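**Q** Sending over a structure as structure tokens; questions will come in a sec.
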Amino acid sequence: MNLLTPNPMHPIKSLNARISTATRTLAASVTAAILCTSTAKPCTSFLLVSKDSDKIYARTMEFGVDMKAQVALLPRGLAMTGSLPDAAQGKQWTARYAALGMNGFGLPVIIDGFNEKGLSGGMLFFPGYAKYVPAKDAPRDKAIASWEFLAWVLTNFSTIAEVKQALAAGDVVIADTVQKDLGVAPPMHYTLHDLSGASAVVEPIDGKLVVTDNPYTVLTNSPDITWHQTNLRNYTTLTAGFPKPVKVMGQTLTPFSTGAGMRGLPGDQSSPSRFVQAVALVATLQPAENAFANVQNAEHILNHFDLSNGSTGEYSGINGQGTYELTFWTAFSDMSNKRFYFKTYDNQHLRCVDMKDFDLNAKTVKYLPTSQPSAPEKLTP
């Protein structure tokens, strides 16, 4: 399958027809990409759609700090408040919808997950590009921190269209509030997917929340999404097909063995390379019959991006703590059936949490542990 041939079961139409116009010159963006990706936390995310139209949002979480992640259920009716410096309170709201997913540092937030209406999304590192509103200038009745934005989206909206409407109305601003465990205001951009098949990216550019439609559904890290979409033009000759023999000076040359397709696909772990890799793997994936089969498909794709402890070659300490960047978790949101699947660095067994098992009207947030090392299953004759 050539990448220019659309897969009818996936919202990718054409690498040429759907590429957005770049907002920066290519030369300036390449320079910025080199500077930014050297410190970026290399997360990768995408959406898969099965033959029966079930949707799976999948992502890896690579980071240099163990966030002590838990699975968190934010119930309906939960009172939520945005964070500002010096423990000041920002925007206040009440959760309209329950949301389920992974948190960090014991906070009532969602780093990636979904809500009861099937809207899903994740936060990915966006260094060198994320620019928030200075906290001193942010209106308190609208201000939230960068790590709270996805929780605000998932507890308030059922579709991307609704999110766009709220952002256009200026219902929220992200202030440059420092997260105490990290010692910085985490630079983030956000990927969103809904049950209609729509995908979009929200990015804090010069203090404004810019929404960009994302037909490829893939998101990695810096630069911005429009740069990544434009960069795909460099790879329009990629194909998954096996190359045919060619004649050179009367001699027939045949490819070695199998796997000779995708020649020219970048293989490093930089954000631009991972974006191209993910688009290629998602675009050529043969559609699965149902949601769980696509969870398994997503596992195979995300294994491609898995980082072992030390493979990045750089120690990534933040706020006096840290480690080599590694894949702390891999997560899969079954948006259609409201199940959250995940595996962790110390436990590669796939685990599942079903939203139907929770009281969505509970009075408090429910947390489930994820650190559960397991021994290999022993088979007996």
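The values are calculated or read from the model by the stated rules, or taken from the named source; none is laboratory data. From a predicted model like this one, the values you see are computed outputs, not experimental measurements. As a convention, Cβ positions derive from the backbone with ideal geometry for all residues, glycine included, and neighbour counts pool all protein chains shown. To get the accessible areas, we keep the full protein, side chains included, count just its heavy atoms, and leave off ligands, DNA and RNA. Shrake-Rupley method; radii C 1.70, N 1.55, O 1.52, S 1.80 Å.
**Q** Using 0.36 nm per residue of separation minus the Cα-Cα distance, give me the extension gain between Asp306 and Ala375 in nm, one decimal.
**A** 22.8 nm
**Q** Starting from the 7 Å offset along Cα-to-Cβ, what nm value, one decimal, do you get for the label separation of Asp268 and Ala88?
**A** 4.2 nm
**Q** Relative to the longest principal axis of the chain, what angle (0 to 90°, nearest 10) does the C-alpha long axis of helix 271-284 take?
**A** Between helix and principal axis, roughly 70 degrees.
**Q** Let me ask something else. Quick check: the distance between the Cα centres of the range 149-178 and the range 201-245, to the nearest angstrom?
**A** Each part reduced to its Cα centre gives a spacing of 23 Å.
**Q** On the accessible surface of the range 201-273, probed at 1.4 Å, how many percent belong to carbon and sulfur atoms?
**A** 57 percent
**Q** Using the Karplus curve 6.51 cos²θ - 1.76 cosθ + 1.60 with θ = phi - 60°, work out ³J(HN,Hα) for each residue of the range 73-78 in order, rounded to whole Hz, and write x for Gly and Pro.
**A** 10, 8, x, 4, x, 5
**Q** So how many Å³ per residue does the convex hull of the Cα atoms of the chain work out to?
**A** Expressed per residue, the convex hull around the Cα atoms of the chain is 169 Å³.
**Q** Tell me, what is the FRET efficiency for Glu289 and Lys68 to the nearest 0.05, using R0 = 35 angstrom and their Cβ-Cβ distance as r?
**A** Given R0 = 35 Å and the Cβ-Cβ separation, E is 0.45.
**Q** OK, next. Measure nothing but the geometry: give the 0 to 90° angle between the long axis through the Cα atoms of 291-303 and the longest principal axis through the Cα atoms of the chain, rounded to 10°.
**A** With rounding to tens, the tilt is 80 degrees.
**Q** Can you find, among Val172, Leu195, Thr94, the residue farthest towards the positive end of the dipole of the chain? Put +1 on the C-beta of Lys and Arg, -1 on that of Asp and Glu.
**A** It is Leu195, whose Cα lies furthest towards the positive end.
**Q** Using only Cα atoms, find the angle between the long axis of helix 26-37 and the longest principal axis of the chain, and express it within 0 to 90 degrees, rounded to the nearest 10.
**A** 70 degrees
**Q** Charges on Cβ only, +1 for Lys and Arg, -1 for Asp and Glu, centred on the Cα centroid of the chain; of Phe149, Ala288, Val248, which one is farthest towards the dipole's positive end?
**A** Val248
**Q** Just to be sure I understand: with springs between alpha-carbon atoms less than 10 Å apart, which residue in Leu307, Leu253, Leu47 has the highest mean-square fluctuation in the Gaussian network model of the chain?
**A** Leu253
**Q** Calculate, for the chain, the solvent-accessible area per residue in square angstrom, rolling a 1.4 angstrom probe over the heavy atoms of the protein chains.
**A** Per residue, the chain has an accessible area of 44 Å².
**Q** Residue-wise, which Karplus ³J(HN,Hα) couplings in Hz belong to the range 64-69, taking 6.51 cos²θ - 1.76 cosθ + 1.60, θ = phi - 60°, and x for glycine or proline?
**A** Whole-Hz 3J(HN,Hα) from phi for the range 64-69: x, 9, 6, 8, 6, 5.
**Q** So what is the 222 nm mean residue ellipticity for the chain from helices alone, if each DSSP H run of at least 4 adds -39500 (n - 2.57) and you divide by all residues, rounding to the nearest 500 deg cm²/dmol?
**A** On the way: 6 runs with 61 residues, N = 381.
It comes out at -4500 deg cm²/dmol, rounded to the nearest 500.
**Q** Please check: in the Gaussian network model of the chain (C-alpha springs, under 10 Å), which one of Ile225, Ile56, Ile205 has the largest mean-square fluctuation.
**A** Checking each option, the largest mean-square fluctuation is seen for Ile205.
**Q** To the nearest 20 debye, what charge dipole does the chain have about its Cα centre, counting +1 at the Cβ of each Lys and Arg and -1 at the Cβ of each Asp and Glu?
**A** 600 debye
**Q** Further question: With each pseudo-label sitting 7 Å past Cα toward Cβ, what's the Thr236-Lys136 distance in nm, one decimal?
**A** With each label point 7 Å from Cα toward Cβ, the separation is 4.9 nm.
**Q** Calculated FRET efficiency, Asn337 and Lys247, Cβ-Cβ r, R0 51 Å, to nearest 0.05?
**A** Details: r = 53 Å, r/R0 = 1.03.
So the FRET efficiency works out to roughly 0.45.
**Q** Shifting gears a bit: What list of ³J(HN,Hα) couplings, whole Hz, do you get for the range 250-265 from phi and the Karplus terms 6.51, -1.76, 1.60, once you set θ to phi - 60° and write x for glycine and proline?
**A** Coupling constants for the range 250-265: x, 9, 8, 10, 10, x, 6, 6, 10, x, 8, x, 6, 5, x, 5 Hz.
**Q** Taking the Cβ of Leu100 as the center, what net charge do the other residues with Cβ under 14 Å away carry, scoring Lys and Arg +1 and Asp and Glu -1? Don't jump to the answer; show the numbers that get you there.
**A** Working: positive: Arg76, Lys117, Lys338, Arg339, Arg351, Lys356, Lys366; negative: Asp112, Glu116, Asp334, Asp354, Asp357, Asp359.
For residues surrounding Leu100, the net value is +1.
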